[in-house]
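Single-structure report; data block below.
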Amino acid sequence: MIFIDNQKDFDDAMARVAAQPMVSLDTEADSLHSYFDKVCLIQMSFPGEDLIIDPLCEIDLSSSARF
């Protein structure tokens, strides 16, 4: 399991994800005690690797679009 909480690790992981034919994805959001929903955790898995991404850190998630 790899915990990702910075841009470099996120970009490196997205390059590996882009090479996969299939990826499992799960998200967890905070909406129970919040006025606005926000994604608090992203989990991604593919053969041989499990990623836990903390989107509350300063990570530009849109940078994954280039992969």
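The values are calculated or read from the model by the stated rules, or taken from the named source; none is laboratory data. Computed from a predicted model, the values in this text were never measured in an experiment. With ideal geometry, Cβ positions are generated from the backbone for all residues, glycine too; neighbour counts draw on all protein chains shown.
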_Pairs, first modelled with pLDDT of 95 or more in the range 45-67, second not aliphatic (A, V, I, L, M), C-beta under 6 Å, six or more apart_ = Ser45/Ser24; Phe46/Gln20; Ile52/Phe3; Ile52/Gln43; Asp54/Asp5
*So which residues in the range 1-38 are surrounded by 14 or more Cβ atoms within 10 Å (Cβ to Cβ), touching a strand residue (DSSP E or B) at 6+ places or on another chain (Cβ under 7 Å) and without any contact (Cβ under 8 Å) to a residue 24 or more places away in the chain?*
Val23
*Out of all the residues in the range 8-27, is one or more touching an Asp or Glu at 6+ places or on another chain (Cβ under 6 Å) and closer than 13 Å to Pro55 by Cβ?*
no
*Restrict the check to the range 1-21 and report whether at least one residue is at pLDDT below 95 and of a type in the set (Val, Ile, Thr).*
no
